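The structure appears right after this line, and notes come after that.
The values are calculated or read from the model by the stated rules, or taken from the named source; none is laboratory data. Keep in mind it's a predicted model, so treat the numbers as computed, not measured. Every residue, glycine among them, receives a Cβ derived from its backbone with ideal geometry; neighbour counts consider all protein chains shown. The accessibility values were calculated without ligands, DNA or RNA, using every heavy atom of the protein model including side chains. Shrake-Rupley method; radii C 1.70, N 1.55, O 1.52, S 1.80 Å.
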Amino acid sequence: MSEKFKYWLFYETSGKLLFTLSSVIVLWLLIRFIKISISTRIKDSDNRYRSKKLISFLGYFFTFLIIVVVFNSSMHNLTVALGIAGAGIAFSLQEVIASLAGWLAVVFGGFYKTGDRVQLGGIKGDVIDIGVLRTTVMEIGQWVDGDLYNGRVVRIANSFVFKEPVFNYSGDFHYLWDEIKVSLQYGSNYTKAKEIFLSIADEVCGNTAKEAQHMWDSMLRKYLVENAITEPMVTLVANNSYVEYTIRYIVDYKKRRSTRDKLFSRILEEITKTGQEIQFASASIQTIQLVNSQEVSPETKKDKS
């Protein structure tokens, strides 16, 4: 290599740009090859995803390092210009900078991780990717009843972690308390009904409650939080025209809908077996009962006559 070519390559700006561009291209081709190798060698999806994100981060780091090393000798000439432009860039890219800061908070602050079910900026769903600027969420709910995917993929700016609350349904505690309500007619066997509901709740959610209790014990050691009852509970409230039972239970955050289906199916089966001893309340029955219970006043009788 001639001295003139060396001087052009390492000291001239055009040569530095060419060397930087070629180095970055080689670097990212190598990174792409490594990612393909990871996809074929690592079977676990979670480990595969994390490995790819780490390789991408190293790629950005080495790209920055190459630029700094190549242009290091000329950096002192750019200091003043960069200082003047810095304020304008910071103002125009304040949302981007906030998103970058949000990414750092998410990664190092433990706000959430891939696979968690969260609610960000009014959007609820499962986190499927955490980028430098945006978090990608597979949305649940909206026009779909229950905690089921609706098919929309939503990208949310990471800056939202500083602007709005971050709801994590599966962070340190992977369970949720849920409840269903069952209305019965007055005159039903209230004691037997409560026994049936509690037995069904134990049958469907008993094992989950035991698993949740171990995780809740870990929460007690980590946070200043009161102890909670993870076992199923049944409470009763008497309303104007019916009695209402509330069945409270703990459930895996991904199984709310299926658990409700099991509970209601078993309740219908057991109540049917009791014959007329326990009767569900309905709007039509309540209306008939209210009308039949009203007494006709003397004035009403006189008007009719």
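Magnitude of the charge dipole for region 195-270, about its Cα centre and with charges confined to Cβ atoms of Lys, Arg (+1) and Asp, Glu (-1), is about 460 debye.
Surface calculation, 1.4 Å probe, protein heavy atoms: Tyr169 sits at approximately 50 Å² accessible.
Less than 15 Å Cβ to Cβ from Cys205, Lys/Arg counted +1 and Asp/Glu -1: what total charge do the surrounding residues give? Its environment carries a net charge of +1.
Other residues with beta-carbon under 10 Å from the beta-carbon of Glu231 carry, at +1 per Lys or Arg and -1 per Asp or Glu, a net charge of +1. Annotation: for a label point projected 7 angstrom from Cα along Cα→Cβ of Ser56, residues of region 145-159 with backbone N closer than 20 Å are 152-159.
With R₀ fixed at 22 Å, the C-beta to C-beta distance from Asn239 to Phe264 puts the FRET efficiency at about 0.65.
On region 120-186, 54 percent of the accessible area sits on carbon and sulfur atoms, based on a 1.4 Å probe.
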